[in-house]
Amino acid sequence: MTIRRSKLRVAILLVSFIPLVVGAEEPSADAAGVLEVPNSPAFEALNVSPTKVLRPTTVKEFAFDVSSAIGANGPKPAFAIEFAPIWWWFVGKNTTLSQWRQNYSARFWSRMTISLATTSRDHNAVAIAEGLRIVLVDDFDPRWSTELETCVRNALQEAVRKLGPPADPRKAATEGAATMPATIDAVAECTKKHVADQRKSEGWQAAIAFAPVERTSASDGSVPGGWESFNAWSAISYGWTQRTLALLTARWSRDVNANKNTFTPAARLKLGDENQSFSLEAGWSLIRDAGCNLSNGVELAALYEQRLAATVFLDVKAGGTIGTLSPGADRISTSIALKFDTSSIPLFSYKK
Amino acid sequence: MPLAEITIGKGRPITFTITYLNAGVGAAACYLYNSQGLSPKEIVGTVTNNGDSQVFDVQEADLTGRLLFIRALVTPLKVPDVGRAQTLVKEPGGSGKNQLNDAELVTDMGKPADLRFAYQFK
C-alpha cells in the first residue's frame, strides 16, 4: 500500500507539473541575479550534486526517464532529472524569435525549468525533491539581441551556401536531420562578441525558485512518509554593467520535522569590472524554532576580487557577524583565497 | 522523414517558405533538381522583415517530375535547445493542397542542426 501510494504520489506530482511547464532556458552569461537562484532547486534542496543528470528534450525521452526512476518498491534513490519542455508542445514549438520577443507569456513559459531528484534516507526511505525555477525578467537573455541574431543568421547563410547541393538529394532528405559535425567558427565569433557587448550593457534580472521535499515511508514501517522541507529562493538585480550591480536575494526554508523556519534576505552592491571588483554585502538571518523562539544575526562583509589569470581570482574578504544565531557571540573574520571557476583554495583565514 | 510528394497544378509561381521556430535563428539554401535528381539549380530566397522565415519563389515553366531540395541550418540563441524549422509549399493557382513539413533536432549554438527537406513534384 505504501509503495503504491508513493508511486501514485510521484506520478501525481509529475503530471501536475506538466501543464505548468512550457519553458526553459540556461542562464545568460554572467547572469548575476539569475544565478543567485539555483539552476536546479531540487538538487539544492536535497543538498546533492548528482553526477548524472537526465535532460530529456522530448515527451518520449521524458516518459522513458521517469519510468526508469520508479522501481518495484517505489521511487529509486540517486535519480536526477531536469527538463524544460516548452518546446515539446505547441506553445514553444511554433514560437518564432520575433513572437518570443513580442509575447511576455511565451517568454515567461520559456524561462521555466523543472528539476526532480531523489536520495536515500534511513530505513530504505527515499527523499524526493521537486524543484521549479522561473526567470521572471532577464534583460541579458541573448534572444533579445538583434545584433546577435543578424550576426548568426549571416554566418549560417554563408555556411549553408558553402555546403552546396547534395549529390543525392533524395538520400539527404530521407536522413532528415543531423548535427553539423564541426563548430561553425563564424557563429562562435558572434557569441564571443555578444558576451563582450553584454558586459557593457545594463538591465534587470529576477528569478524565483521553489522546491518542496517529501519522503516515502520506511520499508519496515518505522517512519511514516510525508513532507520533509520546503525551500524557496528569490533574487532581483540591476546591473549598470554586468560587472557593476546591485543585488537583493532571499531564501526561506522550513524544516517540517523540526518545525523550524529560516529566512535569510541579503543585499550586495558590486562595483568594478571584469578584472577587479569591490563588493559590499549585508545579510540577515531570522530563525524561528519549534518553541517559537526567535534568533537572528546580521552579517556584514566586504570583498575585493582581483583577476590573476583568465579563470583565476584572488579574493580578499573581511566580515563580521552580530546577533544571537550562534551562542557565544559576535565574531569577526578575514580570509584570503584563490578562486577558480568552481572551486577555491584558502590561503589565509582568521576568526575571532 | 521530411520528403513529401506534391501535385502541381497550373499556378505559378510556387512559393516555398521556411520558418524557424523554437525562437531560433536559421538560414536556408534551396535547389531545384531535374527529374533524374541531377543538375541542381540554386533558387535565391528573400528574407522576410522579421527574420523568422525565408521565402523562395520557384519560377519554372514545368515542375513535373522535378525535385526541390532545401537545407536549413538552425540554431537556438539560448543553449542547449532544439533547432526546429517548418517548410510550407504554397501553390496559389493550382488545385493541390498546401504541403506542410517540419523537422527538429537538439542542437547547440555553433553546431547548428542541419535540417533537410525535399519535395518531389508529380
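Computed from the coordinates by the stated procedures, all read-outs in this text should not be read as laboratory data. Note that the structure is predicted; figures quoted are calculated from it, not measured. Virtual Cβ from ideal backbone geometry, glycine too; neighbours counted across all protein chains shown.
For this structure, a couple of remarks:
- Flagged links, alpha-carbon separation over 22 Å, of A:K192/B:K78; A:K193/B:K78; A:K339/B:K78: A:K339/B:K78
- By other beta-carbon atoms within 10 Å, ranking A:Y104, A:Y238, B:Y119 with the fewest at the front produces A:Y104, A:Y238, B:Y119.
- Distance violations [Cα-Cα > 31 Å] among A:K200/A:K351; A:K52/A:K162; B:K41/B:K90: A:K200/A:K351; A:K52/A:K162
- FRET efficiency estimate (nearest 0.05) - Cβ-Cβ, B:T64 to A:D220, R0 51 angstrom: 0.10
- Rounded to the nearest whole Hz, the Karplus-based 3J(HN,Hα) values (6.51 cos²θ - 1.76 cosθ + 1.60, θ = phi - 60°) of the stretch A:63-78 follow the sequence 4, 5, 4, 5, 5, 6, 8, 10, x, 5, 9, x, x, 8, x, 6, with x at glycine and proline.
- Convex hull of the stretch A:120-169 built on C-alpha atoms - directionally averaged projected area, nm²: 9.0 nm²
- Estimated FRET transfer efficiency when R0 is 60 angstrom, pair A:L347-B:N49 (beta carbons, to 0.05): 0.60
- Equivalent ellipsoid dimensions for the stretch A:81-217 as semi-axes, Å, which come from the Cα gyration tensor, largest first: 37, 24, 15
- Counting beta carbons within 10 Å around each of B:D114, A:D255, B:D62 and listing the fewest first gives the order B:D62, A:D255, B:D114.
- The GluC sites (Glu not before Pro) of the stretch A:251-334 that DSSP puts in a loop, and whose beta carbon has at most 16 other beta carbons within 10 Å, are A:E274.
- Radius 14 Å from Cβ of A:C151, net charge of other residues (Lys, Arg +1; Asp, Glu -1): -2
- Cβ charges +1 (Lys, Arg) and -1 (Asp, Glu), total dipole of the stretch A:52-189, debye: 360 debye
- Cross-link partners of A:K60 among lysines (Cα-Cα below 17 Å; sequence separation of 8 or more within a chain): A:K93
- Of the residues A:S279, A:S295, A:S120, the one with the fewest other Cβ atoms within 10 Å heads the list, and the complete ranking is A:S120, A:S295, A:S279.
- The stretch A:151-227 has equivalent-ellipsoid semi-axes of 48, 28, 9 Å, by the square roots of 5 times the alpha carbon gyration tensor eigenvalues, sorted largest first.
- Relative contact order of the stretch A:215-301, defined on C-alpha pairs under 8 angstrom at six or more residues apart (%): 19 percent
- What the Cβ-Cβ distance of A:T334 and A:N275 gives, at R0 = 25 Å and to the nearest 0.05, is a FRET efficiency of 0.65.
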